[in-house]
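Notes for the one structure printed next.
The values are calculated or read from the model by the stated rules, or taken from the named source; none is laboratory data. Model, not experiment: these values are computed from the prediction. Cβ sites come from the backbone with ideal geometry, for glycine too, and all protein chains shown count toward neighbours.
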Amino acid sequence: MIVKTKTYYLLKSLFLSFVLVLTACDEDYVPKPKAELRLDYPTANYVDANLNLPFAFEKNLLATKVESKALKSPTESYGINLEYPALKGTIFLTYKAINNDQNNFKAFLRDAQKFTLEHTKKADEIPAYPFEDKQSKVYGMLSEVKGNVASPAQFYVTDSINHFLTGSLYFYAKPNYDSILPAANYLQKDIKHIMETISWK
């Protein structure tokens, strides 16, 4: 025979109260939708890169690490890295002197275009945007590479006589177009600003 103590009645009343609370709500339970990741990047502030190079340009203050070094080449060459730790990306710039040699110019132009075309195997689309600044004698092309590729943007600018500069954007992470798209769009604006502020020395 089960003896019903005060504890038994207390537990029973608590259980009934709990059931009443659960059944008293008329509203149906609606699960919350999955949250979308929101990436907010600071407004770009541009300053002179202030590097000892044959050209000048403005860079974003978000590029906290800037490296420049002379490269071994038959012509005067430099490699410049603009690193964005907050976005886990780097814009790599390579400068080569044409030295008024049309063979050099054609070779540099061919190499720049070939580099972009190598991405056609994995790219979904590669829209290209011509660039021209007659006053500063800066002419070039910006290519946006869409898809799961290592470099989502490349460009080149030149005066066709003395200077040739190429650039490419890379991320430290494994390429996944959807996940890097916000950062890629942000840094493509920086690339456009570099192209627009180039001045040859």
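Within segment 85-128, the set of residues being at pLDDT below 95 and assigned to a strand (DSSP E or B) comprises GLY89, GLU125, ALA128.
Number of residues in segment 162-181 that are at pLDDT below 95 and under 30 Å from LYS106 (Cβ atoms) equals 1. Exactly one residue among THR166, THR197, THR116 is more than 14 Å from the chain's Cα centre (by Cα) and surrounded by fewer than 20 Cβ atoms within 10 Å (Cβ to Cβ), and that residue is THR197.
Residue-by-condition table, conditions (1) closer than 21 Å to GLU76 by Cβ; (2) basic (Lys, Arg):
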| position | (1), (2) |
| --- | --- |
| PHE115 | yes, no |
| TYR129 | no, no |
| ASP133 | no, no |
| LYS137 | yes, yes |
| SER160 | yes, no |
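Taking the conditions exactly as written (out of contact with any helix residue (DSSP H, G or I) (no Cβ under 7 Å at 6 or more places or on another chain), surrounded by fewer than 17 Cβ atoms within 10 Å (Cβ to Cβ), at pLDDT 95 or above and β-branched (Val, Ile, Thr)), does VAL47 satisfy them or not? The answer is yes for VAL47. In segment 169-183, the residue that is farthest from the chain's Cα centre (by Cα) out of those that are over 29 Å from ALA97 (Cα atoms) and crowded, with 20+ Cβ neighbours inside 10 Å is ILE180. Number of residues in segment 51-77 that are without any contact (Cβ under 8 Å) to a residue 24 or more places away in the chain, surrounded by 11 or more Cβ atoms within 10 Å (Cβ to Cβ) and not in a strand (DSSP E or B) equals 3.
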